[in-house]
Amino acid sequence: MADPKGFLTTERQIATTRPVEERVKDWNEVYVPGSLLPIISKQAGRCMDCGIPFCHNGCPLGNLIPEWNDYAYRDDWRAASERLHATNNFPEFTGRLCPAPCEAACVLGINQPPVTIKNVEVTIVDKAWENGGVTPQPPDRLSGKTVAVIGSGPAGLAAAQQLTRAGHTVAVFERADRIGGLLRYGIPEFKMEKRHINRRIEQMRAEGTKFRTGVEIGRDIDAAGLRRRYDAVVIAAGATTARDLPVPGRELNGVHQAMEFLPLSNKVQEGDYVTSPISAEGKHVVVIGGGDTGADCVGTAHRQGAASVTQLEIMTRPADERPAHQPWPTFPMTYKVTSAHEEGGERVYAVNTVRFEGDEDGNVQWLHLVEVEFADGKFEPKPGSERKIPAQLVTLAMGFTGTDAKNGLVEQLGLELDARGNIARDEHFATNVGGVFTAGDAGRGQSLIVWAIAEGRSAARAVDRYLTGASTLPAPIRPTDRALTV
Ligand SMILES: Cc1cc2nc3c(=O)[nH]c(=O)nc-3n(C[C@H](O)[C@H](O)[C@H](O)COP(=O)(O)OP(=O)(O)OC[C@H]3O[C@@H](n4cnc5c(N)ncnc54)[C@H](O)[C@@H]3O)c2cc1C
Ligand code: SF4
């Protein structure tokens with residue numbers, strides 16, 4: 001155990017964010033660089049090394065949290081990094097972006113603020129990179145087997161890294177022009193600077209993974225042909241079909257899916273554009289959807305110089321504290337103030353969009369909304385509550401309904417989908433087509449990075465077994481595993 005009295009003598013302290021007025025003028029991560037270094041060992045010392053660490057359960061990767069907390073407390077950063085990488089291929093992604101269900105399940109969290117697990121995680125891995133502790137781990141010998149991975153998000157990357165290290169020759173195919181999936185083109189730079197992805201890709205290249213960008217399987221390359229050329233295929237194509245809002249005026253200029261708006265902003269940061277072709281500058285912006293994607297639109301709109309930003313959510317405002325029906329150690333739905341929300345804007349709950357109104361040139365100008373009440377399993381409008389708000393740019397951030405079933409991939413392989421529009425699979429991540437597996441949001445539906453990495457790791461084990469008859473690779477989750485609920 002790190003510090004037997006740490007949880008009694010040390011208060012929880014998290015990373016410091018840069019002042020709002022400073023950070024909205026740039027795109028760098030919102031945290032003060034290095035702010036964790038002076039505090040993090042003591043924070044790690046708050047871990048009680050409790051007998052049954054529920055944080056292991058909260059984390060889909062089964063991260064060995066008390067073990068690396070102990071090393072971090074003792075300043076043994078090399079050993080901490082080894083323990084962290086034993087279960088997580090990309091802790092610099094999760095350490096920045098994970099909502100940290102581990103902290104919701106921390107035993108200390110029953111009656112005190114939980115250990116700052118996510119902050120410890122990111123410090124360990126950042127130090128490891130700085131100290132040259134993250135090096136390529138190429139396989140000792142090659143198996144002679146080949147694997148094609150379709151999609152380069154966290155699931156595809158985790159599967160590819162595991163399979164490459166197991167000795168298989170792996171090629172990752174990505175339809176976008178850069179590797180990373182939603183890490184690259186969904187998540188804004190201020191949440192995670194893209195240099196973290198680039199660094200990992202270099203490590204993976206040095207290990208032997210091949211990357212092909214700008215290639216859409218099902219359109220540019222026939223999917224059935226790809227299957228014939230490779231010994232196995234892993235589909236990690238994400239759940240990229242966005243939920244739409246079919247109300248009058250949806251066709252007006254200025255009404256966009258969040259995933260039309262955010263990638264263009266990320267492309268500005270990559271140097272592809274000087275300004276975004278869909279910019280919030282000087283506009284009244286309305287973001288429909290109160291989740292993380294919506295928050296990313298809010299932070300992006302602020303940085304682009306929006307005149308105002310309003311975020312609409314159909315559900316009622318969540319409670320500040322853990323509700324009774326979501327007890328420890330479940331991950332509760334509480335009211336979250338993300339860094340984007342700290343930067344301004346208005347959040348409106350329990351409202352639904354009725355229609356959009358445009359000007360004579362077909363540009364959206366107003367959004368008509370109505371307050372709603374949830375009754376008998378549906379949202380009922382409150383009579384007389386309709387009003388309109390200015391809206392010159394609207395982004396739809398209402399979630400995703402499943403994998404892209406229109407680009408030929410599903411049809412050419414003859415893949416079965418489940419009732420939710422995800423690629424159907426058995427308990428070994430195998431689809432109905434021999435030698436074709438699926439991992440991440442493509443099979444699970446819209447989820448989180450930590451689940452995607454866990455899926456990629458588990459699917460890699462299934463593929464390794466398929467190719468060689470046995471596997472020593474870890475499998476942190478089963479396809480049917482879900483976050484703990486009551
Ligand atoms: C805006 C936004 C913000 C988010 N923020 C967070 C966050 O802060 N924390 C968190 O934990 N989760 C977050 N998520 C969710 C998280 O990003 C996803 O759960 C995760 O990226 C899923 O990983 P994946 O590898 O399954 O798929 P993806 O990351 O979606 O990657 C799939 C890739 O496959 C490619 N592809 C699809 N079809 C083909 C094809 N036919 N041929 C070749 N390539 C193809 C796509 O171009 C894409 O690059 C966010 C999601 C969004 C949309
Ligand atoms: S990956 Fe997420 S859940 Fe797992 S230890 Fe890190 S922050 Fe916690």
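Laid out as a table, the results:
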item	result
The range 300-317 residues that are in a loop (DSSP other than H, G, I, E, B), paired with ones that are surrounded by fewer than 23 Cβ atoms within 10 Å (Cβ to Cβ) and of a type in the set (D, E, K, R) (beta carbon under 8 Å, 6 or more apart)	G305/E281; A306/E281; A306/K283; A307/K283; E313/R347; R317/R347
Conditions (1) farther than 23 Å from I40 by Cβ; (2) more than 16 Å from ligand 1 (Cβ to nearest atom); (3) in a helix (DSSP H, G or I): number failed by P139	(3)
Some residue of the range 212-233 being of a type outside the set (D, E, K, R), more than 15 Å from ligand 1 (Cβ to nearest atom) and closer than 18 Å to A301 by Cα	no
E103 vs. criteria closer than 17 Å to A15 by Cβ and within 16 Å of ligand 1 (Cβ to nearest atom)	yes
Selected residue (criterion: nearest to ligand 2 (Cβ to nearest atom)) from residues of the range 73-121 that are of a type in the set (S, T, N, Q) and in contact (Cβ under 8 Å) with a residue 24 or more places away in the chain	T94
Selection from the range 106-165 of residues that are at positive phi and surrounded by 23 or more Cβ atoms within 10 Å (Cβ to Cβ)	G151
Cβ pairs under 8 Å, 6+ apart, first in the range 367-388 and under 13 Å from M315 (Cα atoms) and modelled with pLDDT of 95 or more, second surrounded by 12 or more Cβ atoms within 10 Å (Cβ to Cβ) and among the aromatic types (F, W, Y)	V372/F379; E373/F379; E380/F374
Test: A2 is of a type in the set (A, V, I, L, M) and within 30 Å of R482 (Cα to Cα)	no
Those helices (runs of 4 or more DSSP H) lying entirely in the range 389-486 with at least 2 residues more than 13 Å from ligand 1 (Cβ to nearest atom), of a type outside the set (G, A, S) and surrounded by fewer than 20 Cβ atoms within 10 Å (Cβ to Cβ)	449-468
Verdict on H302 being closer than 15 Å to P188 by Cα, more than 21 Å from the chain's Cα centre (by Cα) and either within 15 Å of ligand 1 (Cβ to nearest atom) or at pLDDT 95 or above (or both)	yes
Test result for T438, under 17 Å from G151 (Cα atoms) and away from ligand 2 (no atom under 16 Å from the Cβ)	yes
Selection from the range 327-366 of residues that are of a type in the set (A, V, I, L, M) and either assigned to a strand (DSSP E or B) or touching a residue at least 24 places away in the same chain (Cβ under 8 Å) (or both)	A340, V348, A350, V351, V354, V364
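Listed here are the residues, each with its yes/no results for (1) surrounded by 19 or more Cβ atoms within 10 Å (Cβ to Cβ); (2) closer than 21 Å to A452 by Cα.
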| residue | (1), (2) |
| --- | --- |
| Q203 | no, yes |
| E216 | no, yes |
| D231 | no, no |
| G238 | yes, yes |
| D244 | no, no |
| V247 | no, no |
| N253 | no, no |
| A258 | yes, yes |
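The values are calculated or read from the model by the stated rules, or taken from the named source; none is laboratory data. Keep in mind the model is a prediction, meaning the values are calculated, not measured. Virtual Cβ from ideal backbone geometry, glycine too; neighbours counted across all protein chains shown.
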